[in-house]
C-alpha cells in the first residue's frame, strides 16, 4: 500500500486542489460524468487507456473528496451510476477553462511535450 511521504498543506488552496484533482484521469472523469457518462463501463469506453482498476481507484478518491456520488441500484446484475455533487459541478467551469487554454496553446504544448519525450527516449537509448 502506498504510504504518503509529504503531507499536503491544508492552508494552501493550490495544495488542496492538487490533493483533490491529482491523478491522471480525474479531470477527465469529472468532465465525462458531467457530460452524462455515468456508468463505469461508459467511463471505461471514454478513457480506454486507463485500466478498470485505476479508474475505480480514482472514482473512489473523487467520491471520498465529495466531488461525485455513487448510486448502486438493487438489481441483478448490480447497476452503478456516478453523478457530480454541487462541489463537483463547481469545478467544471475551471476544467472548461483549462481545456480552452490547452486548445489555444495546442501547437506549442505538443511541440514541447514531443521534444521532451524524444529527449527521454534518446537518453534511454544511450544508457543501453
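The values are calculated or read from the model by the stated rules, or taken from the named source; none is laboratory data. The model shown is predicted, which means the values in this text are computed figures rather than measured ones. Backbone-built Cβ (ideal geometry, glycine too); neighbour counts: all protein chains shown.
Key figures
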{"read-out": "Residue selected from segment 36-56 under the condition assigned to a helix (DSSP H, G or I) and without any contact (Cβ under 8 Å) to a residue 24 or more places away in the chain, by the criterion surrounded by the fewest Cβ atoms within 10 Å (Cβ to Cβ)", "value": "53"}
{"read-out": "Filter result (outside any strand (DSSP E or B) and either surrounded by 14 or more Cβ atoms within 10 Å (Cβ to Cβ) or at positive phi (or both)) within segment 58-88", "value": "58, 59, 61, 62, 63, 65, 66, 67, 85, 88"}
{"read-out": "Unique residue being under 17 Å from residue 28 (Cα atoms) and under 14 Å from the mean Cα position of the chain (by Cα) when the list is 62, 87", "value": "62"}
{"read-out": "Meets criteria (modelled with pLDDT under 95 and out of contact with any helix residue (DSSP H, G or I) (no Cβ under 8 Å at 6 or more places or on another chain)) for residue 97", "value": "no"}
{"read-out": "Selected residue (only one of 33, 27 is out of contact with any helix residue (DSSP H, G or I) (no Cβ under 7 Å at 6 or more places or on another chain), modelled with pLDDT of 95 or more and in a helix (DSSP H, G or I))", "value": "33"}
